[in-house]
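The values are calculated or read from the model by the stated rules, or taken from the named source; none is laboratory data. Worth saying up front: this structure is predicted, and the values here are computed from it rather than measured. In this analysis, Cβ positions are derived from the backbone assuming ideal geometry, glycine residues included, and neighbour counts consider all displayed protein chains.
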């Protein structure tokens, strides 16, 4: 699959997850994005370090009955949210998560 098509597929997958979790949400204000980000950080960041590592991210998506995401897409989403830095930081912070959520919600509104 070409890289552009794969990227679009990953974004579409995340948009589906966000739409299902926050159905009816159209509010993309900074306050609402912050609220969603903090809720997801609380649910995903199991050790409450303020950083989501790959294992926490993987477990959240792989073990969630609300939606199904392939292992490949979980890894791809993590890389995208972490700005492609899996080999360095290996974590997602609240700012990176908020950016991904805002992007997904903006796509969901379109």
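Residues checked against (1) at pLDDT 85 or above; (2) not in a helix (DSSP H, G or I):
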residue: 7; (1), (2): no, no
residue: 47; (1), (2): yes, yes
residue: 52; (1), (2): yes, yes
residue: 55; (1), (2): yes, no
residue: 59; (1), (2): yes, no
residue: 73; (1), (2): yes, no
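Restricting attention to region 76-92, which residues are at pLDDT 80 or above and more than 11 Å from the chain's Cα centre (by Cα)?
90, 91
Looking only at region 30-46, count every residue that is touching a helix residue (DSSP H, G or I) at 6+ places or on another chain (Cβ under 7 Å) and either within 16 Å of residue 59 (Cα to Cα) or free of Cβ contacts under 8 Å to residues at least 40 places away in the same chain (or both) and tell me the total.
Selection size over region 30-46: 6.
So is residue 17 modelled with pLDDT under 85, surrounded by 11 or more Cβ atoms within 10 Å (Cβ to Cβ) and within 11 Å of the chain's Cα centre (by Cα) or not?
yes
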